[in-house]
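Below is one structure, written out as structure tokens; the observations come after it.
The values are calculated or read from the model by the stated rules, or taken from the named source; none is laboratory data. What you are looking at is a predicted structure, and each value in this text was computed from that prediction instead of being measured. Note that we place each Cβ from the backbone using ideal geometry, even for glycine, and neighbour counts take in every protein chain shown. Keep in mind that these areas ignore ligands, DNA and RNA; they rest on the heavy atoms of the full protein, side chains included. Shrake-Rupley method; radii C 1.70, N 1.55, O 1.52, S 1.80 Å.
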Amino acid sequence: MEIIMSQRQGRVPVTVFHVKGDINTETYEQFQAQAQQAIQAGTRYLALDLAEVSYVSSYGIRAISQVFTWLRDTSQGEDAQALDRDLKDGKWKSPHLKLVNPSSQVRRVLTTTGVDMFLEIHDDLQRAVASF
Amino acid sequence: MKEIEQVLAQVPLFASLPHDELEYLAAALRPIQVEPGTLLFREGECGDHFYVVLAGQAQVIKALGTPEELLFSVRGPGDFIGEMSLLGRDGLRTASVRVLGHARLLEMTRGDFDALLQRQPALAYEMVHLLTARLKSSQDNIVHDLQEKNRQLTQAYEELKNAQTQIIEKEKLESELEVAHNIQMSLLPRWLPQVADFDFGAQIAPMSAVGGDFYDFIPLDGQMLGIAIGDVSGHGVPAALFMALTVTLLRAEACRTCSPAEVLRGVNRQLLNLNNEGMFVTLLYGVLNCATHEFTYARAGHEPPILCRADGEWLDPDSDLECGQLLGLFNNPLLCERTLTLAPGSTLLLYTDGVTETTNSQSELFGGERLLAAVCAHRNSPAQAVCKRIWELVTAHRGDAPQRDDITMVCAQAG
């Protein structure tokens, strides 16, 4: 797996991870480490471009969930009430982490694990960046 | 002949000999050419020749060809070789001699040597001087060699001591892991439920000594039986501890309510209170009503169940992908309940993603379709045999590739 990082400017500065290769048992630690590094360097809004990811295993899902919690922790209190209120109804989505262009296979995994219920999925990177 | 005489005059051993003796020796001794690498003689052989090096070099070697082989010295022009066996009573060679490069030697027989010493007794005295010098040099070499061997031995001893410490540590860790493995296995059901009209099977294969997968059968009131399967994020000891926590919480919550979604919400609340490590768990928990054959379950980010009916028709697992979030992430996870009816002859399989995500050496997944086909193909086998057969198929698919995740299955069949 390889991650190419770029910076985009929407309403807020957005870090984009262009991920190439699978996020699985062998690569999830690298994925988490690079995300953690970006967050420590100041990233608050992260878009994961999954166009070149053919599979995300359960370890990959957990890594994405872990990144979600790290980003949520950096803005603790900001939206905690809205999260508690709306998540149960499927209305709440993370304002900090969004997914772009997952394949149908990856989308199935995101749905099975319920990750799509708290992370927005976009088909277009520009629109994803603009949505932050 | 004159040339040999001049060379002999340069040999320290013969330096004191009168001119006519040198002339005699030059005529009596036989010059020989020796090819590179020639073994002139071997230690322990009976020796009857003595050599003077005119040109080239020769190695004096002890214990040649053994692990203790030692290069004793290198003799060059003007040196003599082979005197020890001619002086010793047993006449045996005390070392081997191998020639380096092209060499030119003068060969003297035992008879020539004895006759020379009789004619020139002073030569014996000269030889004693030279042998004393050689003996001293040999002693120095032996002492140096012993010191070096002692140093190597000390180093080897230290390395051995460190390796032994590491082995003891490793054995201790393995023993602790074995205890952890036994504790973890003791948390799993010891027996399969014995319920009229139903047959159950289960199989678990942790990736390492301790894993994060688990399953459970929880007897509830009346005809109700709780069935759970779960997968904690990560693996190893942290995952095993989190698994133990989840199993304990699940058993406690399952006794409070019959609603699987409520049970999972209760587990989630406790996990969030107790979990500071940011670990998650996927969990499918359902309640089987053994009287009505209805299985009502909630799925927290876990793979949906596979249901194959008696006639081989199966329920599309992808029809249940909505609504089911991981536990340990949110205060209020979105969870839904669904009910399946296990008509007589139906086979229900709950599994962790270690089954479908098993890859072979070409990174090809075992996948959901193979699993579904296997469940339906073996639906007429006993529940435990279904689990065993799927395990065999998954193992065969993996081939030489390593197991990368825990693998767990629970099977229920309605009679």
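What the table shows:
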{"read-out": "Output for segment B:238-295, where each listed residue is over 14 Å from B:Ile218 (Cα atoms), open to solvent by 10 Å² or more (accessible area, probe 1.4 Å) and among the small types (Gly, Ala, Ser)", "value": "B:Ala240, B:Ala244, B:Gly278, B:Ala291"}
{"read-out": "Options A:Val100, A:Val109, A:Val53, A:Val67: the member that is within 11 Å of chain B (Cβ to nearest Cβ), among the β-branched types (Val, Ile, Thr) and touching a residue at least 40 places away in the same chain (Cβ under 8 Å)", "value": "A:Val109"}
{"read-out": "Condition check for A:Val115: closer than 18 Å to A:Val67 by Cβ, modelled with pLDDT of 90 or more and at the interface with chain B (Cβ under 9 Å from one of its Cβ atoms)", "value": "yes"}
{"read-out": "Failed condition for B:Asp320, given (1) under 25 Å from B:Ala240 (Cα atoms); (2) within 14 Å of chain A (Cβ to nearest Cβ); (3) of a type in the set (Asp, Glu)", "value": "(1)"}
{"read-out": "Tally of residues being open to solvent by 30 Å² or more (accessible area, probe 1.4 Å), outside any helix (DSSP H, G or I) and within 26 Å of B:Gln33 (Cα to Cα) across segment B:85-134", "value": "8"}
{"read-out": "Options B:Glu294, B:Glu253; residue that is more than 12 Å from chain A (Cβ to nearest Cβ) and more than 30 Å from A:Gly60 (Cα to Cα)", "value": "B:Glu294"}
{"read-out": "Segment B:296-309, subset open to solvent by 20 Å² or more (accessible area, probe 1.4 Å) and not basic (Lys, Arg), residue farthest from B:Gly415 (Cα to Cα)", "value": "B:Glu303"}
{"read-out": "Residues satisfying the stated conditions in segment B:199-239, i.e. in a helix (DSSP H, G or I) and closer than 20 Å to B:Glu357 by Cβ", "value": "B:Ala239"}
{"read-out": "Hits in segment B:375-384 - residues which are open to solvent by 40 Å² or more (accessible area, probe 1.4 Å) and assigned to a helix (DSSP H, G or I)", "value": "B:Ala377, B:Gln384"}
{"read-out": "Of residues in segment B:225-234 being within 14 Å of another protein chain (Cβ to nearest Cβ) and in contact with a strand residue (DSSP E or B) (Cβ under 9 Å, 6 or more places away or on another chain), the one surrounded by the most Cβ atoms within 10 Å (Cβ to Cβ)", "value": "B:Asp231"}
{"read-out": "Hits in segment B:392-405 (condition: open to solvent by less than 60 Å² (accessible area, probe 1.4 Å) and in a helix (DSSP H, G or I))", "value": "B:Leu393, B:Val394, B:Thr395, B:His397, B:Arg398"}
{"read-out": "Search result, residues across segment B:254-267 that are in a loop (DSSP other than H, G, I, E, B) and not charged (D, E, K, R)", "value": "B:Cys255, B:Thr257, B:Cys258, B:Ser259"}
{"read-out": "Residue within segment B:342-358 that is within 14 Å of chain A (Cβ to nearest Cβ), over 39 Å from the mean Cα position of the chain (by Cα) and over 30 Å from B:Arg398 (Cα atoms) present", "value": "no"}
{"read-out": "Strands (runs of 3 or more DSSP E) lying entirely in segment B:268-340 (those with 2 or more residues that are in the same structural domain as B:Val247 (by TED's automatic domain parsing), under 44 Å from the mean Cα position of the chain (by Cα) and within 19 Å of A:Val115 (Cα to Cα))", "value": "B:281-289, B:294-300"}
{"read-out": "Residue in segment B:263-273 that is nearest to B:Ala298 (Cα to Cα), counting only those that are touching a helix residue (DSSP H, G or I) at 6+ places or on another chain (Cβ under 8 Å) and free of Cβ contacts under 8 Å to residues at least 60 places away in the same chain", "value": "B:Val263"}
{"read-out": "Complete set of residues in segment B:184-224 that are within 43 Å of the chain's Cα centre (by Cα), of a type in the set (D, E, K, R) and open to solvent by 10 Å² or more (accessible area, probe 1.4 Å)", "value": "B:Arg190, B:Asp199"}
{"read-out": "A:Ile61 vs. criteria assigned to a helix (DSSP H, G or I), in contact with a Gly (Cβ under 9 Å, 6 or more places away or on another chain), of a type in the set (Val, Ile, Thr) and at pLDDT 85 or above", "value": "yes"}
{"read-out": "Candidates B:Leu327, B:Leu371, filtered to the one that is touching a strand residue (DSSP E or B) at 6+ places or on another chain (Cβ under 6 Å) and crowded, with 16+ Cβ neighbours inside 10 Å", "value": "B:Leu327"}
{"read-out": "All positions within segment B:270-322 that are among the basic types (Lys, Arg) and within 19 Å of B:Asp216 (Cβ to Cβ)", "value": "B:Arg299"}
{"read-out": "Only listed residue being touching a strand residue (DSSP E or B) at 6+ places or on another chain (Cβ under 9 Å) and aliphatic (A, V, I, L, M), chosen from A:Leu87, A:Leu46, A:Leu83", "value": "A:Leu46"}
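Residues checked against (1) crowded, with 19+ Cβ neighbours inside 10 Å; (2) of a type in the set (Val, Ile, Thr); (3) over 13 Å from the mean Cα position of the chain (by Cα):
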| position | (1), (2), (3) |
| --- | --- |
| A:Asp86 | no, no, yes |
| A:Gly90 | no, no, yes |
| A:Leu97 | yes, no, no |
| A:Ser104 | no, no, yes |
| A:Thr112 | yes, yes, yes |
